[in-house]
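Notes for the one structure printed next.
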Amino acid sequence: MAQINLLPWRERLREERKREFLTIMVGVLIIAGGLIFLVDRYFRSEINTQIARNDFIRTEIQQLDERVSEINQLQQQKQEIRARMNVIQNLQGSRPVIVRIFDELVRALPQGVYFSRIQREDTTMSIDGVAESYAMLTELMRRLDSSDWFAEADLRIISARENQRASQGSANSFTLSLTLESPLGNEEEEGF
């Protein structure tokens, strides 16, 4: 019988399978490394894209913040201008009022009554004066009460004093306070 040695054939087959296995392992490792590299590149590009987007949004937010601060400054300037305009309008509107108040005081002043001091604070007016008699002082109070420009005429102090002219006898010095009302003010407020 012939002797056949099968051991080297099996060993060669085993060596071939080991080589194929190692080749496949190296191929799988290369493919896995390539896939990991591609996935890494993809995620890095996504991260870089997101960073670029975030930077763009930050710059836009910064520009908007600058615009908002600019708008706030403009609104503050607008309010200051409006306040100035209101002051100017109030001054222009109240300019003829003082003339009308003095005109009304002259109309309410009966003969024999004299004002020595007139003082105004906001809507309150204080008047010091001299009346030759109580009747003239009463007439002054009636006229002030009937005026559309004055309200709440309040006689504070009445005192008798000797007149400089001895022939006329004594006079009465007085202090009264008034509250100013503008009959046109209500109509102007309704007009606005």
(request) Can you work out the accessible area per residue across the chain, with the rest of the protein chains kept in place, probe 1.4 Å, in square angstrom? (result) 82 Å²
(request) Return a whole-number percent for the relative contact order of the chain, with Cα pairs under 8 Å and 6 or more residues apart as the contact set. (result) 14 percent
(request) Report, to the nearest whole %, how much of the accessible area of the chain belongs to carbon and sulfur atoms, 1.4 Å probe, protein only. (result) 55 percent
(request) Find how much the distance from M85 to E152 grows on full extension, using 0.36 nm per residue of separation minus their present alpha carbon separation; answer in nm with one decimal. (result) 20.9 nm
(request) Scan (i) 26.8; (ii) 17.4; (iii) 16.5 for the value of Kirkwood radius over Cα pairs in Å calculated from this model and give just the label. (result) (i)
(message) Taking just the alpha carbons, could you work out the radius of gyration and Dmax for the stretch 68-149, both in angstroms?
(response) 20.8, 70
(message) Between D103 and I71, how high is the FRET efficiency from 1/(1 + (r/R0)^6) when r is the Cβ-Cβ distance and R₀ = 45 Å? Nearest 0.05.
(response) 0.40
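The values are calculated or read from the model by the stated rules, or taken from the named source; none is laboratory data. Note that the coordinates shown come from a computational prediction; the quantities given were computed from them, not determined experimentally. We place every Cβ from the backbone using ideal geometry, glycine too, and count neighbours over all the protein chains shown. SASA here: full protein model, heavy atoms, side chains in, ligands and nucleic acids out. Shrake-Rupley method; radii C 1.70, N 1.55, O 1.52, S 1.80 Å.
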